[in-house]
Amino acid sequence: MQAAEQTEKDIDITRAEYVPVAVNTQILFFCVSDLANIDPMYQYSLEWFTNIFLTSIQSAPRADVLEKRIKNINEYFTFSLYCN
């Protein structure tokens with residue numbers, strides 16, 4: 001039981017460390033969503049957005065330092081979103 005509790009704590013800590021990625025992603029999501037207000041041509045699905053995000057997590061350069069990894073994910077995702 002203690003091992004499960006420790007694992008849960010470790011997961012919570014790791015999840016909290018990636019909050020900057022979540023904040024950046026949510027800002028970009030709402031920016032993309034609001035593009036439809038400019039012109040209906042700019043309508044994108046959640047599935048499209050999610051696929052780009054998941055691909056970015058997998059493809060962003062790895063880093064030993066967490067801050068660098070977060071920066072890599074954010075930069076890769078932003079560029080991927082721009083290119084798509």
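I'd like to verify a number: residues in segment 32-81 that are of a type in the set (A, V, I, L, M) and either exposed (fewer than 12 other Cβ atoms within 10 Å of the Cβ) or without any contact (Cβ under 8 Å) to a residue 40 or more places away in the chain (or both), how many?
Restricting attention to segment 32-81, the residues satisfying the condition of being of a type in the set (A, V, I, L, M) are 32, 35-36, 38, 41, 46, 52, 54, 57, 60, 63, 65-66, 70, 73, 81.
Of the ones still in play, those that are also either exposed (fewer than 12 other Cβ atoms within 10 Å of the Cβ) or without any contact (Cβ under 8 Å) to a residue 40 or more places away in the chain (or both) are 35-36, 38, 41, 46, 52, 54, 57, 60, 63, 65.
Of the residues in that region, 11 qualify.
Restricting to segment 8-41, what's the tally of residues that are at pLDDT 95 or above, among the hydroxyl-bearing types (Ser, Thr, Tyr) and farther than 16 Å from Asn74 by Cβ? So the answer is 1.
The values are calculated or read from the model by the stated rules, or taken from the named source; none is laboratory data. Just so you know, these numbers come straight off a predicted model, no measurement behind them. So basically every Cβ, Gly included, is an ideal-geometry build from the backbone, and we count neighbours across all protein chains shown.
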